[in-house]
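Written below as structure tokens is the structure these notes are about.
The values are calculated or read from the model by the stated rules, or taken from the named source; none is laboratory data. Note that the structure is a prediction, hence the values are computed from the model and not measured. Ideal geometry is used to build each Cβ from the backbone, glycine not excepted, and the neighbour counts take in all protein chains shown. For accessibility, only protein heavy atoms count, side chains too; no ligands or nucleic acids. Shrake-Rupley method; radii C 1.70, N 1.55, O 1.52, S 1.80 Å.
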Amino acid sequence: EIRAHPWPNAGDPQRIAGLREQALAYRTQGKAVMIKGVLAGVFEMAQRVRGMENLLMDMASNDALAVVIFDKMVELKLDFWEMALPRLADVIDVISEADDYGTQTSQLISPRMFRQQIKPRLNILFARIKQLAPNAKLFFHSCGNVRPLLPDFIELGVDILNPVHITATGMEPAALKRDFGKNIVFWGGGVDTQDVLPHGTPQQVKDDVQRNIDALAPGGGFVFSTVHNIQADVPPQNIVAMWEAAREHPAT
């Protein structure tokens with residue numbers, strides 16, 4: 001039934017209509033160009049289709065069904081990338097894929113389950129992306145505590161980790177830089193968006209920015225950004241404080 005379902009055509013060229021011209025225009029402005037994939041992550045999109053509770057139960061008790069769904073997600077992604085990258089790879093700097101495995105304290109699924117059911121499929125996907133766009137950097141977004149999975153991400157060819165969820169268990173910036181900084185770029189983690197940015201004083205925001213840049217920037221391999229999107233409850237003065245602290249830091 002999964003294979004026979006009339007899935008959307010992820011490889012329709014209309015999905016990238018006008019993007020080459022837009023990328024070229026950005027490049028003339030000196031900007032880097034990033035492109036995202038066609039749907040959510042393999043794990044996340046399978047949850048949206050099957051339902052989170054159902055999928056997790058499948059993974060635990062009927063993994064043959066779960067991996068058929070994962071394989072379909074990979075197939076759809078490959079349909080998109082195999083259409084898009086031959087047309088766009090030469091004007092793209094960063095390729096973004098995403099999947100959320102972490103919680104505030106741990107992971108949604110065990111590292112063992114990730115390695116058995118998801119990692120082999122990411123390996124197929126990422127290898128093909130790199131084959132199609134060898135000069136682009138692979139950016140991978142996964143929220144929460146993903147420290148136990150970082151060696152797997154690196155092995156899979158991930159060049160950039162986002163969002164660097166610095167308040168999650170195990171995601172302390174200095175330790176991440178020490179243990180993984182030679183192998184992966186940290187894109188994010190510049191300021192805590194859960195507490196400090198919405199609720200702190202401007203000085204507390206500046207202090208947090210200073211600490212995080214001090215931890216993540218030495219030697220390069222760091223792109224300053226907030227941990228997550230700036231929400232509506234953030235005071236404007238704290239956004240200004242964040243910007244000023246980032247601009248004033250010698251590493252940036």
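For this structure, a couple of remarks:
- Residues in region 50-59 that are touching a residue at least 12 places away in the same chain (Cβ under 8 Å) and either under 21 Å from the mean Cα position of the chain (by Cα) or open to solvent by 50 Å² or more (accessible area, probe 1.4 Å) (or both): R50, L56.
- Being open to solvent by less than 20 Å² (accessible area, probe 1.4 Å), under 14 Å from the mean Cα position of the chain (by Cα), over 26 Å from D71 (Cβ atoms) and modelled with pLDDT of 95 or more holds for only one residue in V164, V185, V146, and it is V164.
- Positions within region 68-86 being over 22 Å from the mean Cα position of the chain (by Cα) and surrounded by 13 or more Cβ atoms within 10 Å (Cβ to Cβ), in sequence order: V68
- Among (1) part of a loop (DSSP other than H, G, I, E, B); (2) closer than 19 Å to H249 by Cβ; (3) in contact with a Phe, Trp or Tyr (Cβ under 7 Å, 6 or more places away or on another chain), the one test that G189 misses: (3)
- Candidate set: region 12-49, residues that are more than 22 Å from the chain's Cα centre (by Cα) and open to solvent by less than 50 Å² (accessible area, probe 1.4 Å); chosen: the one farthest from L85 (Cα to Cα): A25
- Leading residue by the ranking (most open to solvent (accessible area, probe 1.4 Å)) among those in region 199-229 that are among the charged types (D, E, K, R) and closer than 18 Å to A175 by Cβ: R211
- Exclusive hit being without any contact (Cβ under 8 Å) to a residue 60 or more places away in the chain and farther than 28 Å from D99 by Cβ, set P198, P236: P236
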